[in-house]
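Below: one structure, written as C-alpha cells.
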Amino acid sequence: MQHIPDVERRARLARRHGIHPEHRYPDPVSATRAMTVLHATEPPTVHLSLQARVDALSVADVDAVLYDSRLLVKQLAMRRTLFAFPRDLLPAAWGSASARVATAEFRRLAQDVTKAGVAADGAAWVETAAQAVLDHLAEAESLDAATLRQEVPMLEARIVFGTGKWSQESPVAPRILTLLGARGLLVRGNNVHHWRISRPRWTTMATWLDGDVPKPMPEADGYAELVRRWLWTFGPGTEADIVWWLGATKAAVRRALADVDAAQVSLDSGDTGWVLPGDDEAGQSVTPWAALLPALDPTTMGWKERAFYLDPEDVPYLFDYAGNGGTTAWWNGRIVGCWVQAEDGTVRVVYRGEPGDQAREALEEEASRLTRWFGGEVVSSVYASPQMRGERLT
C-alpha cells in the first residue's frame with residue numbers, strides 16, 4: 001500500500017485548493033470546481049472563499065456567476081447545508097445527498113404539521129402547500145419569502161418544532177421553502193440585499209436555469225460522482241471523513257468508493273486513506289505560503305479528522321460547539337490562528353501560538369490584501385469561533 005505522509009497532504013491542499021499564491025485559479029468557476037462545492041450558508045462565505053483563490057476578484061465578479069450566468073447555483077445538499085455548486089454537478093446532488101435531506105425534511109415537517117393540529121394528514125398537507133408555492137412562482141417568477149407568505153395563504157400556518165425549552169412556534173413557510181430547495185425545485189435567486197446579507201428572491205429551478213434542468217442521477221451514480229470529486233479535492237481522506245462530509249451512510253460511501261475504483265493508501269495517523277486510482281504519487285513540493293480563509297471555508301470543513309492541519313488543542317478556540325469552523329489563518333498547510341476585523345474593516349490576525357517571523361510577515365501581507373479587498377466593509381458571522389468572539393470583546 002502506498003504511503004502518503006502529512007507533509008504531502010498539506011502540499012496537495014496548497015496546490016489543489018488554490019490558496020497558495022502560486023496556485024490560484026483564473027476565475028470563480030474553476031476555483032469552485034477545484035473545491036467540489038463552496039459553503040454558502042452565509043452569503044459572504046462564497047465571495048470570501050473565492051477571493052482567497054482568485055486574484056483580482058471583485059464582489060461583482062462573484063455575483064455575475066451566481067446571478068447572471070448562473071454557472072454556480074446554490075443548492076441544499078450534504079448535511080443539510082447550503083452550497084454553491086458548479087452547474088454540472090447538480091444532478092449528482094439531486095439524486096443522492098439532496099434527496100436524502102429532502103426525505104428527512106419532509107418526514108419531520110409532516111409530523112410537526114400533524115402535531116400542531118394544522119391537518120390530520122400532515123404529509124398530504126405539506127405536499128399541497130409545496131405545490132401551491134410552485135404554482136404561484138410559475139406565474140410570479142420570483143418573490144422573497146415575506147411576499148410568498150402573504151400571497152400563498154397556506155404558508156401563514158404556524159407550527160411548533162423542537163422539544164422542551166428548545167421548542168418554538170414559527171410559520172411553516174421557511175420549512176416548505178427548505179423542502180422545495182432540497183428537492184431541487186426551488187432555488188435562492190437574486191439577493192435583494194447587500195452581498196453580505198441573505199435576502200434571496202425564490203424562484204423555480206426551471207425558471208432559474210431557463211428550462212435546461214437535467215434529470216437527477218440515480219442515487220448510486222450521484223454518490224459516486226460526489227465522492228469522485230471529493231477524492232480529487234480532499235484525497236487522501238478516510239472513510240470517516242467522507243461519511244461526515246457527505247452526510248451519508250457508511251454503506252453508501254463504501255459503494256461509491258468501489259464504483260470509482262478508489263485506491264487505499266496509508267496515512268501518518270495510522271488510518272487507511274482513499275484516493276482516486278493513480279493519484280497516490282507525491283506531487284511537487286510547494287514554497288512557504290500563508291492564507292486567510294473565511295468561516296465555513298471548504299478547506300477548513302473538508303475533513304472530519306483534521307489533526308494533519310489542525311492542532312487538536314486549538315479546536316475549542318477555532319470551532320464552535322457544533323463543529324463549525326470560524327475564520328482561519330494558515331501557514332504552510334496548518335491552521336495557526338484566526339482573523340478578525342476592526343470597525344473600519346481592517347483585518348487583524350490572531351495567533352494561537354508563535355508561528356515565527358516568516359509566518360507573521362506572510363500573514364500580515366495577507367491581512368493587508370484582505371483589508372484592501374473589503375474596502376472598509378465589515379463582515380460578521382453567526383459562526384464566529386470562541387477565539388473570534390473573545391477578540392471582539394477585548
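Just so you know, all these numbers are worked out from the coordinates, no wet-lab data involved. Since the model is a prediction, treat every value here as computed from it, not as a measurement. Cβ placement follows ideal geometry from the backbone for every residue including glycine, while neighbour counts extend to all protein chains displayed.
Find the relative contact order for the stretch 238-280 and round it to a whole percent, using C-alpha pairs within less than 8 Å whose residues are 6+ positions apart.
Details: 38 pairs, mean separation 15.0, N = 43.
The normalised contact order for the stretch 238-280 reaches 35 percent.
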Amide H proximity to E141 below 5 Å, modelled H, separation 5+ or other chain, gives none
Work out from phi, with θ = phi - 60° and the Karplus expression 6.51 cos²θ - 1.76 cosθ + 1.60, the ³J(HN,Hα) of each residue of the stretch 6-21, listed in order in whole Hz, and give x for Gly and Pro.
4, 4, 6, 4, 5, 5, 4, 4, 5, 6, 7, 7, x, 9, 7, x
Among T203, T81, T114, the residue with the largest mean-square fluctuation in a Gaussian network model of the chain built from Cα contacts under 10 Å is T114
Report the gain in length on full extension from S380 to D55: 0.36 nm times residue separation, minus Cα-Cα distance, nm rounded to one decimal.
114.7 nm
Förster radius 56 Å - calculated FRET efficiency between R360 and D212 (Cβ-Cβ, nearest 0.05):
0.70
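What is the extension gain from W232 to D144, computed as 0.36 nm multiplied by their sequence separation minus the C-alpha to C-alpha distance, in nm to one decimal? Display every interim value, and only then the final one.
Working: separation 88, 0.36 × 88 = 31.68 nm, distance 3.71 nm.
Contour length minus the Cα-Cα distance gives 28.0 nm.
Once the Cα gyration tensor of the stretch 322-394 is diagonalised, what are the square roots of 5 times its eigenvalues, in whole Å and ordered largest first, as equivalent ellipsoid semi-axes?
On the way: eigenvalues 68, 56, 22 Å².
With the √(5λ) rule applied to the stretch 322-394, the semi-axes are 18, 17, 10 Å.
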Per residue of the stretch 381-387, what does 6.51 cos²θ - 1.76 cosθ + 1.60 with θ = phi - 60° give for ³J(HN,Hα)? Whole Hz please, x for Gly and Pro, Karplus curve as stated.
9, 6, 9, 4, 6, x, 5
When only Cα pairs under 8 Å and 6 or more residues apart are kept, what is the percent relative contact order across the chain?
18
What is the sum of charges, Lys and Arg at +1 and Asp and Glu at -1, for the other residues whose Cβ falls under 12 Å from the Cβ of I4?
-4
If one compares the long axis through the Cα atoms of helix 357-374 with the longest principal axis of the Cα atoms of the chain, the angle in degrees, nearest 10, works out at 30
Residue with peak Gaussian network fluctuation, the chain [Cα springs, cutoff 10 Å], from K74, K165, K250
K165
Which of rounded, prolate, oblate describes the stretch 1-112, given a ≥ b ≥ c as roots of the alpha-carbon gyration tensor eigenvalues and a/c under 1.5 marking rounded, otherwise prolate only if a/b is larger than b/c?
oblate
How charged is the neighbourhood of A240? Take every other residue with its Cβ under 10 Å from the Cβ of A240, and add Lys/Arg as +1 and Asp/Glu as -1.
-2
Would you mind checking the tilt of helix 122-140 against the longest principal axis of the Cα atoms of the chain, expressed as 0 to 90 degrees and rounded to 10?
80
G189 long-range amide H proximity, modeled H, under 5 Å
R201, W202, T203
Using the 10 angstrom Cβ neighbour count as an exposure proxy, how do F83, F319, F161 rank, fewest first?
F161, F319, F83
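Could you calculate the FRET efficiency of Q131 with R199 from 1/(1 + (r/R0)^6), where r is the beta carbon distance between them and R0 is 22 Å, rounded to 0.05?
0.30
Relative contact order for the stretch 1-152 using alpha-carbon pairs under 8 Å, separation at least 6, rounded to a whole percent?
Numbers: 153 pairs, mean separation 21.5, N = 152.
RCO, the stretch 1-152: 14 percent.
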Using the count of nearby Cβ atoms within 10 Å as a rough guide to exposure, how do V275, V46 rank from fewest to most?
V275, V46
Using a cut-off of 12 Å between beta-carbons, work out the net charge of the residues near W373 (Lys and Arg +1, Asp and Glu -1, W373 not included).
-2
Calculating Cα extents along the principal axes in Å from this structure picks out, from (i) 71, 51, 36; (ii) 87, 58, 38; (iii) 64, 52, 45, entry (iii)
Give the lysines whose C-alpha is closer than 27 Å to that of K215, dropping any in the same chain fewer than 8 places away, or say none.
K74, K250
Degrees separating the helix 97-115 axis from the principal Cα axis of the chain, which is the longest one:
40
Which ³J(HN,Hα) values, rounded to whole Hz and listed in residue order, are derived for the stretch 201-211 from phi using the Karplus coefficients 6.51, -1.76 and 1.60 in 6.51 cos²θ - 1.76 cosθ + 1.60 with θ = phi - 60°, glycine and proline given as x?
9, 7, 8, 6, 4, 4, 5, 5, 9, 6, x
